[in-house]
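The values are calculated or read from the model by the stated rules, or taken from the named source; none is laboratory data. Fair warning: this is a prediction, and the values are worked out from it, not measured in the lab. For neighbour counting, all protein chains shown are included, and Cβ atoms are generated from backbone atoms with ideal geometry for every residue, glycine included.
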Amino acid sequence: MPAVELTNVCRRFHEVVAVDQIHLAIRRGEFFSLLGPSGCGKTTLLRIIAGLDRPDAGTVSIDGKDATEIPAHRRPVNTVFQSYALFPHLNVRENVAFGLRMKKTPRTETEPRVHRVMELVRISELGPRRPAQLSGGQKQRVALARALVNEPQVLLLDEPLGALDLKLRKELQVELHALQRRLGITFIYVTHDQEEALAMSDRIGVMNNGKLEQCGPAENAYERPRTRFVAQFLGACNLIEGIVRRCAEGRMGAETSLGEIQAEMPSPAQTRKPGERCTFAIRPERVGLMKGSEKASEINAVAARITDLIYFGAETEYQLEVAGGLRLNARVMNAGATSSPLSVGETVVVRLPPNALIVLDD
Amino acid sequence: MPPEVHRGELISLHHRAWRVVGSAGPGVLWLVLFFALPLLMIVAISFLSRGEYGTFQGPLTLENYRRLAGFGLLGFEPLYPIIVLRSLALGLGTAVLCLLAALPLAFFIARLSRPFKNLALILVVIPFWTNLLIRTYAWQMLLGPGSWITQAAVWLGVIAPGESLYPGAVAVYLCMVCDFLPFMVLPLYASVEKLDWSLVEAAMDLGANRFEVFRHGILPQIRPGFAAGSVLVFLPATGQFVIPDLLGGAKTVMLGNALQQQFGPGLDWPFGSAIAVVSLALVMIALIVLVRKSGEKDLEIL
């Protein structure tokens, strides 16, 4: 039974459709990320699960029970807000104990639970401080403790690391991930940071314009994006347009500005008819570069000129221009001193491995 | 200490001194001449006693304060303590009623969309365009015998047939609340407008019921407006005497009347000064208590 199940959930604000017919089942104990650009409806969806917003249509069930009509304060979920929303008139300990106090938990039980959770997120020494006296990272931990102390079935996190600097964010990502593994609580994590989503999640739901574009394991979202949007939102991606020539036996051939290109098609559902338009996607790190101006005889190889290169230390990004005018990006690991450097203006052979070319749905 | 740098100018100490005198001087002079000195005189006079024809004379005495506390020529009679208490009660009652009326109104206005919001704020302030006395006389007519409000009150069984709402306590409080409401609504509105609703949602998310949501999610945030509004209503309402006089049937003496009585027809400046000093002290005490209770920050909104 899924921890949270959304069926045909819709929410519109006046003319704007914030959440558009979302079907989604989140498994018990998983770290699920809702990823998308700002304004894509991911926070609205989270608020609907929390009970802080009502869907115009559709149902929300939590732990198998229909929760659509249950108000926020009686749902077995807790939220870590983007702004932390700590009560300024209460100290850290009182903030953490708030949920238990509201549920009239006896004092003998409250104290050890508050103590334990404050130890868990490492804020034990902050007890008597007011939120105004805390740093961003500390506030974040208090907000987390305040939600976790209630032992929710699902923890909702709305861009909890968004306001922190990069270094702290990386640290807390690791901690949050470990915490989730340890507690086994279902986490639903809203973020617009694709690296964060990839690093932490078991599964990712990519949202755009209120729709769930793709939902699946983190590697899948990156390795096998299904739409143009997912391909470009999760990391950089080269797109190549073409017209289908042949399509059989898990292989597709298409005519593109690079000439004839062949791609592997792992899913038979993607079969196309000859003559149809199609789009290939390929990650820059999967693009192969070889010295030499001779066009190799093998498939998917084409000559290109290096127009620019950016050295990142561990890797180098090359901007390439193919004969037909198409521009491609390639990222090459700087593996050792032996690799002779390529320079701007040089002509190289670009190889696009058939198993690295992804055929997009749109 | 680093030297003070005045951007774009090099000026001598001499110049600076003149600048201070030129900018702050007139205001300070005004306050000293027309506020501090008269106040000191009032305090001094309150320790003298009344001479013939309204003059005052020595020696220094505490007689005026004894009389104010209720120890007169005829033994203990708490006439003035009662007046003080009555005035404080009027101020407090008005403040509480204004708060009850203003709180929902402030939320209502804050949630309106932009053009309606401005309109509502103008409507709140509009009563000030009419003179207080005229408004008070209008209430006399509205609440007098035979008015439709009185008839409605009779019909509803609030008052017996033949009676009317004016003169009486109902009329006084009605008029007081109407007069002082804007002083409560505006600061409260300023607080509600800035309300961080995520705290309300956090409280809801953590299982708080409606009352607890208000207590922890809203109240701490609107306390500055709450404190400012209470001061703005309580202070003038305590000293108010025209409205109780005109609508209360001229039977009840308030601090204001008592004061005016002594300085005017009573020709007893020393005793009047004592009343002024005591009421000033009470107000100061009330303010200090409020500041202590709610933290200094809350009064910045004033």
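Looking at (1) over 18 Å from B:LEU188 (Cβ atoms); (2) more than 24 Å from the chain's Cα centre (by Cα), which one does B:ARG111 not meet, given that it meets all the others? With respect to (1) over 18 Å from B:LEU188 (Cβ atoms); (2) more than 24 Å from the chain's Cα centre (by Cα), B:ARG111 is out only on (1).
Scan the stretch A:70-90 and tell me whether some residue there is of a type in the set (Val, Ile, Thr), out of contact with any His (no Cβ under 9 Å at 6 or more places or on another chain) and at the interface with chain B (Cβ under 9 Å from one of its Cβ atoms).
So far as the stretch A:70-90 goes, yes, one or more of its residues are of a type in the set (Val, Ile, Thr), out of contact with any His (no Cβ under 9 Å at 6 or more places or on another chain) and at the interface with chain B (Cβ under 9 Å from one of its Cβ atoms).
Residue-by-condition table, conditions (1) touching a Gly at 6+ places or on another chain (Cβ under 6 Å); (2) away from every other protein chain (no Cβ under 14 Å); (3) within 30 Å of A:ALA147 (Cβ to Cβ):
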site: B:THR150; (1), (2), (3): no, yes, no
site: B:ALA153; (1), (2), (3): no, yes, no
site: B:ALA160; (1), (2), (3): no, yes, no
site: B:PRO167; (1), (2), (3): yes, yes, no
site: B:CYS175; (1), (2), (3): no, yes, no
site: B:MET184; (1), (2), (3): yes, yes, no
site: B:TYR189; (1), (2), (3): no, yes, no
site: B:GLY207; (1), (2), (3): yes, no, yes
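Determine, yes or no, whether A:VAL142 is over 30 Å from A:LEU45 (Cβ atoms), within 14 Å of chain B (Cβ to nearest Cβ), out of contact with any strand residue (DSSP E or B) (no Cβ under 8 Å at 6 or more places or on another chain) and crowded, with 22+ Cβ neighbours inside 10 Å. Judged against the criteria, A:VAL142 is not a match. Selection over the stretch A:12-70 of residues that are in a loop (DSSP other than H, G, I, E, B) and under 23 Å from A:LEU179 (Cβ atoms) gives a count of 5. Given the criteria in contact (Cβ under 8 Å) with a residue 24 or more places away in the chain, within 14 Å of chain B (Cβ to nearest Cβ) and out of contact with any His (no Cβ under 7 Å at 6 or more places or on another chain), does A:PRO55 qualify? Considered against the rule, which asks whether it is in contact (Cβ under 8 Å) with a residue 24 or more places away in the chain, within 14 Å of chain B (Cβ to nearest Cβ) and out of contact with any His (no Cβ under 7 Å at 6 or more places or on another chain), A:PRO55 comes out as no. All conditions in (1) surrounded by fewer than 24 Cβ atoms within 10 Å (Cβ to Cβ); (2) more than 11 Å from chain A (Cβ to nearest Cβ) hold for B:PRO244, with the sole exception of (1). Given the criteria on the phi < 0 side of the Ramachandran plot, surrounded by fewer than 17 Cβ atoms within 10 Å (Cβ to Cβ) and touching a Leu at 6+ places or on another chain (Cβ under 9 Å), does B:ALA89 qualify? Spelling it out, it is not the case that B:ALA89 is on the phi < 0 side of the Ramachandran plot, surrounded by fewer than 17 Cβ atoms within 10 Å (Cβ to Cβ) and touching a Leu at 6+ places or on another chain (Cβ under 9 Å).
Taking the listed residues B:ALA101, B:ALA169, the one that is under 26 Å from the mean Cα position of the chain (by Cα), under 30 Å from B:ALA276 (Cβ atoms) and surrounded by fewer than 18 Cβ atoms within 10 Å (Cβ to Cβ) is B:ALA169, with no other qualifying.
Restricting attention to the stretch A:98-132, the residues being touching a residue at least 24 places away in the same chain (Cβ under 8 Å) and either of a type outside the set (Gly, Ala, Ser) or within 10 Å of another protein chain (Cβ to nearest Cβ) (or both) number 17.
Only residues that are more than 7 Å from chain A (Cβ to nearest Cβ) and among the aliphatic types (A, V, I, L, M): list them for the stretch B:194-205, please.
Narrowing the stretch B:194-205 to residues more than 7 Å from chain A (Cβ to nearest Cβ): B:194-197, B:200, B:203.
Selection gives B:LEU195, B:VAL200, B:ALA203.
Taking the numbered list (1) surrounded by 15 or more Cβ atoms within 10 Å (Cβ to Cβ); (2) more than 14 Å from chain A (Cβ to nearest Cβ) in turn, B:TYR137 passes all entries but (1). Does A:GLY36 qualify as being more than 13 Å from chain B (Cβ to nearest Cβ), within 29 Å of the chain's Cα centre (by Cα), of a type in the set (Gly, Ala, Ser) and surrounded by 22 or more Cβ atoms within 10 Å (Cβ to Cβ)? Judged against the criteria, A:GLY36 is a match.
Can you pull out every residue in the stretch B:209-222 that is facing chain A (nearest Cβ under 7 Å) and within 26 Å of the chain's Cα centre (by Cα)?
Of everything in the stretch B:209-222, just one residue is facing chain A (nearest Cβ under 7 Å) and within 26 Å of the chain's Cα centre (by Cα), namely B:PRO220.
Which residue pairs have Cβ atoms closer than 6 Å, lie 6 or more positions apart in sequence or on different chains, and pair a first residue in the stretch A:19-38 that is polar (S, T, N, Q) with a second residue that is assigned to a loop (DSSP other than H, G, I, E, B)? Every condition considered, the pairs that remain are A:SER33/A:SER201; A:SER38/A:HIS192.
Restricting attention to the stretch A:56-67, the residues that are under 21 Å from B:TRP197 (Cβ atoms) and crowded, with 22+ Cβ neighbours inside 10 Å total 0. Within the stretch A:158-173, the only residue that satisfies the criterion of being outside any loop (DSSP other than H, G, I, E, B), charged (D, E, K, R) and over 15 Å from A:MET200 (Cα atoms) is A:LYS167.
Of the residues screened, A:VAL348 is not one that is at pLDDT 80 or above, in the same structural domain as A:ARG246 (by TED's automatic domain parsing) and under 32 Å from the mean Cα position of the chain (by Cα).
Looking across the stretch A:215-238, the residues that are assigned to a strand (DSSP E or B) and either touching a residue at least 60 places away in the same chain (Cβ under 8 Å) or touching a Gly at 6+ places or on another chain (Cβ under 7 Å) (or both) come down to A:CYS215, A:ASN238. Among the conditions (1) part of a loop (DSSP other than H, G, I, E, B); (2) more than 14 Å from every other protein chain (Cβ to nearest Cβ); (3) within 19 Å of A:HIS89 (Cα to Cα), B:GLY225 misses just one, which is (1). Screening A:GLU151 on (1) of a type outside the set (A, V, I, L, M); (2) over 26 Å from the mean Cα position of the chain (by Cα); (3) on the phi > 0 side of the Ramachandran plot shows it passes everything except condition (2).
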